[in-house]
Amino acid sequence: MQLLHSPASPFVRKARVTAIEAGIADRIELVDVHTSAVATHQAVAAANPVGKIPALIREDGPTLYDSRVICRYLDWLAGSRLYPESRIWEVLTLESLADGMMDAAVLITYERRFRDEGKRHEGWMQGQRDRISRSLDALADRWMSHLGGPLTVGQIAVACALAYLDFRHEDLDWRAGHGALSDWYEKFASRESMIATRPPSGA
Ligand SMILES: N[C@@H](CCC(=O)N[C@@H](CS)C(=O)NCC(=O)O)C(=O)O
């Protein structure tokens, strides 16, 4: 299988961490692509009409996207139970919450990258920051017991979202007022799967 990949993407990282935790990372070849909404890589457009990564190209079936479908597929393939049936709605909701944080954070990155400073829409960027801030509060208020339980893709997604905030949006200072979440993340970030997928500083 080939995973269309960029080391800076939190969504790709979620899929890679899932593959490592599921024990099937060696079955996946990473194919580096540089893609963005203003210059979609040809291979990405061919694999996923939406033009986003990750996409998982399989030999024995259609290409899979987006990251939620890929993670669920990898877990099914490995039989790794990272989506435990007994807590499935919680796991999927937590994954969705983390994906929403990543979406908001990635959109801020794009606004900064693709728009000149004077043309950026400050109110819109604040709206994205508010989404992240509300999500952090929800994690701290309602999800800590789940985060402390057996490994799920929900936890993996949250860790990748928080790691991306550190990587691109240090100015948001997400740890402020979220001590327990920060402690949980420090521990999670020391897993081999997280260390192996750390984006290089220049990415
Ligand atoms: N919902 C998608 C989001 C993926 C996504 O936003 N990927 C970004 C990279 S982090 C991307 O491909 N951006 C290119 C673009 O917007 O054209 C998923 O879960 O895979």
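The values are calculated or read from the model by the stated rules, or taken from the named source; none is laboratory data. Predicted, not measured: the structure shown is a model, and the values here were computed from it. Every residue, glycine among them, receives a Cβ derived from its backbone with ideal geometry; neighbour counts consider all protein chains shown. Accessible surface areas use protein heavy atoms only, side chains included; no ligands, DNA or RNA. Shrake-Rupley method; radii C 1.70, N 1.55, O 1.52, S 1.80 Å.
Observations, loosely collected:
- In the set (1) within 16 Å of the chain's Cα centre (by Cα); (2) near the ligand (Cβ under 8 Å from one of its atoms), Val44 fails one condition alone, (1).
- Restricting the first member to segment 44-63 and to residues that are of a type in the set (Lys, Arg), and the second to residues that are within 14 Å of the ligand (Cβ to nearest atom), the beta-carbon pairs closer than 8 Å and six or more apart or on different chains are Lys52/Phe11; Lys52/Thr35; Lys52/Val44; Lys52/Tyr65; Lys52/Asp66; Arg58/Leu64.
- Exclusive hit being in contact with a helix residue (DSSP H, G or I) (Cβ under 6 Å, 6 or more places away or on another chain), within 14 Å of the ligand (Cβ to nearest atom), of a type in the set (A, V, I, L, M, F, W, C) and open to solvent by less than 60 Å² (accessible area, probe 1.4 Å), set Ile108, Ile132: Ile108
- When segment 28-62 is filtered for residues that are within 18 Å of Arg13 (Cα to Cα), of a type outside the set (A, V, I, L, M, F, W, C) and modelled with pLDDT of 95 or more, the ones remaining, listed by number, are Glu29, Asp32, His34, Thr35, Asn48, Gly51, Lys52, Pro54.
- Residues satisfying the stated conditions in segment 68-92, i.e. within 15 Å of the ligand (Cβ to nearest atom) and surrounded by fewer than 16 Cβ atoms within 10 Å (Cβ to Cβ): Val69
- Failed condition for His146, given (1) farther than 23 Å from Gly179 by Cα; (2) not assigned by TED's automatic domain parsing to the domain that holds Arg27: (1)
- The number of residues in segment 1-58 that are assigned to a strand (DSSP E or B) and open to solvent by less than 60 Å² (accessible area, probe 1.4 Å) comes to 8.
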